[in-house]
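What follows is a set of notes on a single structure, which appears directly below.
The values are calculated or read from the model by the stated rules, or taken from the named source; none is laboratory data. Since we're looking at a predicted model, the values are computed, not measured. Cβ placement follows ideal geometry from the backbone for every residue including glycine, while neighbour counts extend to all protein chains displayed.
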Amino acid sequence: MLLSTLVWLPTLGAAALLLLDRRDTRRLRQVALAVTAVTFVVSGLLWIGFDRARPGMQFVEQRAWIPGAGISYHLGVDGISLLLVLLTTFLAPLCILSAWTQITKRVKEFLVAMCLLETGMLGVFVALDLFLFFVFWEAMLIPMYLIIGVWGGPRRVYAAVKFILYTMAGSALMLLAILALYFLQDAGTASFDYAAVMQLRLDPRLQVLLFLAFALAFAIKVPMVPFHTWLPDAHVEAPTAGSVILAGVLLKMGTYGFLRFGLPLFPDAAVRLAPVVVALALVGILYGAWVSTVQPDMKKLIAYSSVSHLGFVMLGLFSFTPQGLVGGIVQMVNHGLSTGALFLLIGMIYERRHSRLIADFGGLWAVVPVFSAILMVVTFSSIGLPGLNGFVGEFLILVGAFQWSRPAAVLGTAGIVFAAVYLLWMYQRVVFGEVRHEENRRLPDLDAREIWTLVPILVLIVWIGVYPKPFTAVTETAVAELLQVVREKRAAAPAPWRVAAERPPR
């Protein structure tokens, strides 16, 4: 029952919050923080009990839900989903802490929405029934829509509607593909169970259609160019906690979908269409970096940087190499930590200055040195400085990409250079130089609550950068198993696009 406890504990917390007096905001925040912290502790039991050498799913729970339709309540984790579960539970209490003073209206409703959102995200990562996965996938849209639309900025309604329309458009095609996989099975034994669907042997041409239906939903969520236009609006208008969850977890649901469903269910289509996916990933890497460079708003700059960083993840996943896939999974975690911390810092300075424009700052090192020092570390982490977490993921991704396509690896490397340009230039204009605005001279530095919100992220940033083995080792068995499934299930494919592991070393 460990996974069920993990998934539904935030929902129980939301129910408890509904029973409390809305005027007692301090108690509401304390209960929400306690619930999310306990959920993180429960996820720690997964980490402790997880057998890194054992293939397949662990902590499996399966019960009949709607037997007549072949639908079951089926949960499980492997090395691919475990890190994302831990990332979700790790960021949730930090988001509650970040909103301690930022959210002052409808506090009760906001905290309920955050708890329900955590249940939806955890359900996506542990569901092993396609119907159950789709239910969680759609359920998490409602609280995220409310978080953006109720507690967001001036254009919050526009951003919230755009977010939900884009996501639901992709989800509709994914639902059709899920139904197709159900009806392609024998009538008497048809099931939505992941293991049953994995046994299907699909015609390569049908694989392409079904892969594209799933891929559209996942590409919108990543987001990949040209399906990315909802992201900057959602990030800019969302409250700080919403931006952290959006960048830290929700975007990873798209890359996770490719790993869990796109590659193993439709291996021939995935390999054949890999050049297209990699081309879009490279466009995203370079386009996201170039557009970030010219952004006047810090929050929008970081939003576009997510398009670039998630392009790296897609490059690693579709290199079909062990290094690329492990690097892609680790980079999902790295992006959640680094970009989440950047959004937290921008929210903290916005709370003081009520502006996110780069031109409104300058000389902050002399005024808020603690803020400036933490921002420097997180900026270096996002760039991929050796010794910090971003370097580990990007290095493994480029190693895998180099085996798959040397030109792709070269273009990906150029994206790292551009990332240094826009992030360091932003940091220089915000932190160094003279104080150009009198309002900035009186800014208070980070208080104890804000520092303790950031310290856990900083610890992980350094830990993964210095000693990444615990995080890479947990994924290696699952990645090897995934590549083996892809090799075994693949139909004949054009020689240039075979799985890299099938080729002799060069």
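Could you tell me which of the residues Gly254, Gly324 is within 30 Å of Ala180 (Cα to Cα) and either among the β-branched types (Val, Ile, Thr) or in a helix (DSSP H, G or I) (or both)?
On the way: Gly324 fails: within 30 Å of Ala180 (Cα to Cα).
Unique residue meeting the criteria: Gly254.
For the residues Arg487, Arg441, the requirement of being of a type in the set (D, E, K, R) and more than 21 Å from Thr321 (Cβ to Cβ) singles out Arg441. When the stretch 57-84 is filtered for residues that are charged (D, E, K, R) and buried (at least 19 other Cβ atoms within 10 Å of the Cβ), only Asp78 remains. Would you be able to say whether some residue in the stretch 302-315 is assigned to a helix (DSSP H, G or I), over 20 Å from Ala289 (Cα atoms) and out of contact with any Pro (no Cβ under 8 Å at 6 or more places or on another chain)? Checking the stretch 302-315: not a single residue is assigned to a helix (DSSP H, G or I), over 20 Å from Ala289 (Cα atoms) and out of contact with any Pro (no Cβ under 8 Å at 6 or more places or on another chain). Mind listing whichever residues of the stretch 102-143 are closer than 24 Å to Glu450 by Cβ, touching a Gly at 6+ places or on another chain (Cβ under 8 Å) and not polar (S, T, N, Q)? Residue satisfying the conditions is Cys115 alone. For beta carbons closer than 9 Å, sequence separation of 6+ or different chains, a first residue in the stretch 137-151 that is over 16 Å from Val249 (Cβ atoms) and a second that is acidic (Asp, Glu), the qualifying pairs are Leu146/Glu109; Gly149/Glu237; Val150/Glu109; Trp151/Glu109. Within the stretch 397-406, identify whether any single residue is assigned to a helix (DSSP H, G or I), touching a residue at least 60 places away in the same chain (Cβ under 8 Å) and more than 23 Å from the chain's Cα centre (by Cα), and answer yes or no. Within the stretch 397-406, one or more residues are assigned to a helix (DSSP H, G or I), touching a residue at least 60 places away in the same chain (Cβ under 8 Å) and more than 23 Å from the chain's Cα centre (by Cα). Taken over the stretch 339-363, the criterion of being touching a helix residue (DSSP H, G or I) at 6+ places or on another chain (Cβ under 6 Å), surrounded by fewer than 23 Cβ atoms within 10 Å (Cβ to Cβ) and farther than 23 Å from Ile96 by Cα is satisfied by Ile358 alone.
Filter the stretch 177-228 down to the residues that are of a type in the set (Phe, Trp, Tyr) and in contact with a Ser or Thr (Cβ under 8 Å, 6 or more places away or on another chain), then identify the one that is farthest from Val77 (Cα to Cα). First the steps, then the outcome.
Going residue by residue through the stretch 177-228, those that are of a type in the set (Phe, Trp, Tyr) are 182-183, 192, 194, 211, 214, 218, 227.
Right, trim to in contact with a Ser or Thr (Cβ under 8 Å, 6 or more places away or on another chain) and you get 182, 192, 218.
Details: Tyr182: 23, Phe192: 18, Phe218: 20 Å.
Filtering the stretch 177-228 for residues that are of a type in the set (Phe, Trp, Tyr) and in contact with a Ser or Thr (Cβ under 8 Å, 6 or more places away or on another chain), the one farthest from Val77 (Cα to Cα) comes out as Tyr182.
Check the stretch 365-381 and report whether any residue there is within 15 Å of Gly248 (Cβ to Cβ) and part of a helix (DSSP H, G or I).
There is at least one residue in the stretch 365-381 that is within 15 Å of Gly248 (Cβ to Cβ) and part of a helix (DSSP H, G or I).
Tallying residues that are over 20 Å from Ala303 (Cα atoms), of a type in the set (Val, Ile, Thr) and surrounded by 21 or more Cβ atoms within 10 Å (Cβ to Cβ) within the stretch 389-430 yields 2. Criterion first (of a type in the set (A, V, I, L, M, F, W, C), surrounded by 24 or more Cβ atoms within 10 Å (Cβ to Cβ) and farther than 17 Å from Met224 by Cα) does Val313 satisfy it? Judged against the criteria, Val313 is not a match. If you take the residues in the stretch 170-224 that are of a type in the set (Val, Ile, Thr) and more than 20 Å from Gly311 (Cα to Cα), which one is surrounded by the fewest Cβ atoms within 10 Å (Cβ to Cβ)? So, considering only residues that are of a type in the set (Val, Ile, Thr) and more than 20 Å from Gly311 (Cα to Cα), the one surrounded by the fewest Cβ atoms within 10 Å (Cβ to Cβ) is Thr189.
Would you be able to tell me the number of residues in the stretch 228-237 that are surrounded by 22 or more Cβ atoms within 10 Å (Cβ to Cβ) and either within 14 Å of the chain's Cα centre (by Cα) or part of a loop (DSSP other than H, G, I, E, B) (or both)? Count: 3. Quickly run through the stretch 452-490 and pick out the residues that are farther than 17 Å from His335 by Cβ and among the small types (Gly, Ala, Ser). The answer is Ala473, Ala478, Ala480. Here the condition is being buried (at least 24 other Cβ atoms within 10 Å of the Cβ) and part of a helix (DSSP H, G or I); of Leu87, Leu97, Leu132, Leu165, it holds for Leu87 alone. Go through the residues of the stretch 385-396 one by one and say whether even a single one is part of a helix (DSSP H, G or I) and under 23 Å from Thr229 (Cβ atoms). Looking for residues that are part of a helix (DSSP H, G or I) and under 23 Å from Thr229 (Cβ atoms), one finds none in the stretch 385-396, hence no. For the stretch 464-484, the count of residues that are modelled with pLDDT of 90 or more, surrounded by fewer than 20 Cβ atoms within 10 Å (Cβ to Cβ), in a helix (DSSP H, G or I) and among the acidic types (Asp, Glu) is at least one. Scan the stretch 103-129 residue by residue and report those that are among the aliphatic types (A, V, I, L, M), out of contact with any strand residue (DSSP E or B) (no Cβ under 7 Å at 6 or more places or on another chain) and not in a helix (DSSP H, G or I). Matches in the stretch 103-129: Ile103 only.
In the stretch 194-219, the residues that are farther than 14 Å from Ala270 by Cβ reach residues that are of a type in the set (S, T, N, Q) with C-beta atoms within less than 7 angstrom, at least six apart or across chains, in these pairs: Ala196/Gln185; Leu200/Gln185; Ala217/Ser171.
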